[in-house]
Amino acid sequence: MPPSVSISVSVNGSGHQREVEPRLLLSDFIRHELGLTGTHVGCEHGVCGACTVLMDGLPVRSCLIFAAQADGCELRTVEGLADGDTLHPLQEAFRDAHGLQCGFCTPGFLMTLIPFLAENPDPTEDDVRLAISGNLCRCTGYAKIVDAVLLAAERARGASAGLLSIDPDPQPVEAV
Ligand code: FES
Ligand code: FES
């Protein structure tokens, strides 16, 4: 039996404390230990971006990080975007602009774009294409995804500040 490591993380505002094997990937921790299967695993090599989550506000490839490395961190997954049945505005824009087909890549795109749009609320098409250049989609050819991002940014500029942000001050890490 390999040694285990005790970790505490906040995921979408809820605290979790677990004993994990040192070799357990963060993507597997999120999917199999926490049951948050919205984080998808495509390549497991850091290439496709499907497994992207936010770690302390920054997008990371959860297939390239051990769960033990997330100890004490604040994580956000795609499940943390919607407010109950109300989609996050970026999710709405993806739906409205037909930015998804099979949806496999979508969580990774969304979690990549949340911090991008927070930093760059008025992006050009080229900005958006650069921002998503590390995310692979096998279905849509990217045009509709770019449209969706520009639509979300346009809607956010016409609405209250922070429309595209997510809660910047989540609950502290607590054991459950
Ligand atoms: S599954 Fe992590 S980058 Fe592809
Ligand atoms: S929507 Fe199918 S892989 Fe992107």
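Given 10 Å bins starting at zero, what is the percent of C-alpha pairs of the stretch 1-67 in each, up to the one with the largest pair distance?
Histogramming the stretch 1-67 at 10 Å steps yields 21, 56, 22, 1 percent.
Could you bin all the Cα-Cα distances of the stretch 76-171 into 10 Å bins starting at 0 and give me the percent of pairs in each, rounded to whole numbers?
Histogram of Cα-Cα distances, whole percents per bin: 16, 55, 27, 2.
I'd like the accessible area for L58: 1.4 Å probe, protein heavy atoms, all chains in place, Å² to the nearest 10.
110 Å²
Please determine, in degrees from 0 to 90 and to the nearest 10, the orientation of helix 106-119 with respect to the longest principal axis defined by the Cα atoms of the chain, where the helix direction is its Cα long axis.
Orientation of helix 106-119: about 70 degrees from the principal axis.
About the Cα centre, and with charges only on the beta carbon of Lys, Arg (+1) and Asp, Glu (-1), how big is the dipole of the chain? Nearest 20 debye, please.
480 debye
Per residue, how much accessible area does the stretch 60-112 show when a 1.4 Å probe rolls over the protein heavy atoms, in square angstrom?
Accessible area per residue, the stretch 60-112: 43 Å².
Take the stretch 1-117, compute every pairwise Cα distance, and split them into 5 Å bins from 0; I just need the percent in each bin.
The calculated distribution, bin by bin, is 2, 12, 22, 25, 19, 11, 5, 2, 1, 0.
How far is the Cα center of the stretch 70-97 from the Cα center of the stretch 1-56, in Å?
17 Å
Please identify every one of the trypsin sites (Lys or Arg not before Pro) in the stretch 12-106 that sits in a loop by DSSP and has no more than 14 other beta carbons within 10 Å of its own beta carbon.
In loop regions of the stretch 12-106 (DSSP not H, G, I, E or B), the sparsely surrounded trypsin sites (Lys or Arg not before Pro) are R23.
Determine how large the accessible area of L100 is when every protein chain is in place; take a 1.4 Å probe and give Å² rounded to the nearest 10.
Looks like 70 Å² after rounding.
The values are calculated or read from the model by the stated rules, or taken from the named source; none is laboratory data. Small disclaimer: the values here were computed from a predicted structure and weren't measured. Glycine gets a Cβ as well: all are built from the backbone with ideal geometry, and neighbour counts include every protein chain shown. Ligands, DNA and RNA are excluded from the accessible area calculation, which covers all protein heavy atoms including side chains. Shrake-Rupley method; radii C 1.70, N 1.55, O 1.52, S 1.80 Å.
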